[in-house]
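To start, the structure itself, in structure tokens.
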Amino acid sequence: MPTPPPADVIEPHLHANEVQTRDEFDQQLATGRLTGLTVQGLRLDLAPVPDLTGVEVTGTLFVGCRFASREVGADLVRRGANVVPPFSGLPYPTQPAHLYTPEELAAGFAEDGFTGMYDTRVYEHYRAHGGAMPDVREALGQRLHDHGVDNALADATRVWLAEHGPQSVVGIMGGHAVRRGSPAYRMAAVLGWELARADRLVVTGGGPGVMEAANLGAYLADQPAAELTAAIDLLATAPDFTDHQRYTAVALTVRQRYAGVPRQRGADAGWARAGGLAIPTWLYGHEPANLFAGRIAKYFSNAIREDTILRLARGGIVFAPGRAGTVQEVFQAATKTYYGTDGVSGAYVFLDRAYWTRELPVEELLRPLLAASPFGDLSSTIHLTDDVREAVHLLTT
């Protein structure tokens with residue numbers, strides 16, 4: 001990436017011609033014209049079934065919609081519409097209408113255990129159809145799915161960003177292998193707890209370890225610190241994510257314990273203070289789902305997922321100790337900051353000074369790099385600390 005792309009290439013856009021809810025569709029239908037619209041993922045086979053026979057549909061694109069019969073779809077094509085029907089035989093929607101919830105990813109666990117839950121079944125399908133190199137039919141289904149997640153993510157964050165601004169979104173990165181109950185896990189959980197209580201939207205990569213801990217902290221943001229400690233102690237009875245069955249079962253137990261607890265909900269995205277946002281990928285589907293995020297934008301494409309996390313986290317990023325994946329994220333984020341790709345960056349906070357200066361001394365490379373940014377010396381965005389509360393202060397002031 002020798003130069004940043006033009007701003008109009010990477011800025012998110014609102015597409016006024018996209019129809020994603022039945023209410024929007026019915027309003028458009030009442031005008032007698034759907035010309036030029038894109039209708040996404042709607043069940044038009046459910047009552048009240050719309051009468052499309054007299055509606056102008058030239059240039060209308062129906063993606064992932066279901067009709068009352070094949071003849072309805074065929075008639076739309078004859079009259080000038082383009083119809084991309086849902087793909088048959090896929091365990092996932094080709095045009096998801098909303099972000100995933102923990103309950104949706106865990107669906108089937110109660111009946112059939114880890115192997116029967118939705119998240120696992122999609123991963124096994126992904127593996128069986130080429131993994132990161134899928135066949136063309138599977139590739140089209142996955143790309144449509146990820147586009148739907150893009151849309152759903154924009155919808156889910158729009159109200160929050162309008163009220164709090166992009167600097168209110170904080171990313172938390174770190175090792176996926178950090179065990180539940182360990183000092184590093186507890187530190188990340190307290191960090192997520194403190195940030196959510198300070199009205200920051202916590203965003204993680206949606207995996208286990210540091211990522212789960214941060215979402216757990218945000219999930220319990222309305223609870224006293226003692227409850228967070230108690231939840232971690234319970235989770236620590238299944239500390240290793242490779243024990244998929246126990247790891248998932250105890251997570252669901254913790255969720256059930258706090259399911260009926262009242263939470264503070266504003267007019268904005270209430271889920272932000274009930275777990276925040278996780279953005280995982282089925283490329284790493286061998287890791288059990290993080291079930292503490294309020295909303296989950298799960299992609300097939302890891303490249304889109306990585307870029308999306310860093311694009312959203314304009315309020316700063318915390319890097320807890322991690323290995324190759326975390327180091328990759330450090331320098332991918334640094335590239336964006338260096339070129340100003342997504343606008344002004346917040347603080348880069350490295351938790352565990354000794355780790356980041358001795359074991360993996362990334363600071364030695366990062367400071368001179370950011371000092372040479374075309375936008376001036378940005379090395380002051382780098383901070384190293386051993387104190388969670390200092391990290392929160394850096395990210396909230």
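The figures follow:
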{"item": "Subset tally (residues that are under 16 Å from residue 149 (Cβ atoms) and out of contact with any Asp or Glu (no Cβ under 6 Å at 6 or more places or on another chain)) for the stretch 285-303", "result": "9"}
{"item": "Test: residue 60 is in contact (Cβ under 8 Å) with a residue 40 or more places away in the chain, in contact with a Leu (Cβ under 6 Å, 6 or more places away or on another chain) and crowded, with 19+ Cβ neighbours inside 10 Å", "result": "no"}
{"item": "Selection count, the stretch 132-152, where residues are without any contact (Cβ under 8 Å) to a residue 60 or more places away in the chain and surrounded by fewer than 15 Cβ atoms within 10 Å (Cβ to Cβ)", "result": "6"}
{"item": "Test: residue in the stretch 342-361 that is farther than 25 Å from residue 197 by Cβ, assigned to a helix (DSSP H, G or I) and in contact (Cβ under 8 Å) with a residue 40 or more places away in the chain", "result": "no"}
{"item": "So residue 103, is it open to solvent by 70 Å² or more (accessible area, probe 1.4 Å), of a type outside the set (A, V, I, L, M) and farther than 20 Å from residue 292 by Cα", "result": "no"}
{"item": "Some residue of the stretch 220-236 being among the β-branched types (Val, Ile, Thr), open to solvent by less than 20 Å² (accessible area, probe 1.4 Å) and in contact (Cβ under 8 Å) with a residue 60 or more places away in the chain", "result": "no"}
{"item": "Hey, residue 218 farther than 26 Å from residue 168 by Cα, touching a Gly at 6+ places or on another chain (Cβ under 8 Å) and modelled with pLDDT of 95 or more or not", "result": "no"}
{"item": "One residue from 321, 280 being within 16 Å of residue 185 (Cβ to Cβ) and open to solvent by less than 40 Å² (accessible area, probe 1.4 Å)", "result": "321"}
{"item": "Evaluation of residue 272 against (1) closer than 19 Å to residue 191 by Cβ; (2) at pLDDT 95 or above; (3) in contact with a helix residue (DSSP H, G or I) (Cβ under 7 Å, 6 or more places away or on another chain) (one fails), failing number", "result": "(2)"}
{"item": "Count of residues meeting criterion [of a type in the set (Gly, Ala, Ser), over 17 Å from residue 394 (Cβ atoms), open to solvent by less than 10 Å² (accessible area, probe 1.4 Å) and touching a strand residue (DSSP E or B) at 6+ places or on another chain (Cβ under 9 Å)] in the stretch 153-205", "result": "1"}
{"item": "Answer from 366, 378 - the residue that is touching a residue at least 40 places away in the same chain (Cβ under 8 Å) and over 22 Å from the mean Cα position of the chain (by Cα)", "result": "378"}
{"item": "Scan of the stretch 372-389 for residues that are surrounded by fewer than 14 Cβ atoms within 10 Å (Cβ to Cβ) and more than 17 Å from residue 175 (Cβ to Cβ), ordered by number", "result": "372, 374, 375, 376, 377, 380, 387, 389"}
{"item": "Checklist (1) part of a loop (DSSP other than H, G, I, E, B); (2) under 30 Å from residue 128 (Cα atoms); (3) in contact with a Leu (Cβ under 8 Å, 6 or more places away or on another chain); (4) not aliphatic (A, V, I, L, M) applied to residue 329, failing item", "result": "(1)"}
{"item": "Flag if residue 83 is out of contact with any Cys (no Cβ under 9 Å at 6 or more places or on another chain), touching a residue at least 12 places away in the same chain (Cβ under 8 Å), more than 30 Å from residue 293 (Cα to Cα) and buried (at least 16 other Cβ atoms within 10 Å of the Cβ)", "result": "no"}
{"item": "Single residue of 336, 298 found to be among the basic types (Lys, Arg) and without any contact (Cβ under 8 Å) to a residue 40 or more places away in the chain", "result": "336"}
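The values are calculated or read from the model by the stated rules, or taken from the named source; none is laboratory data. Nothing here was measured: the structure is a model prediction, and the numbers come from that model. Counting neighbours? That spans all protein chains shown, and the Cβs are built from the backbone with ideal geometry, glycine included. Only protein heavy atoms, including side chains, enter the accessible area calculation; ligands, DNA and RNA are left aside. Shrake-Rupley method; radii C 1.70, N 1.55, O 1.52, S 1.80 Å.
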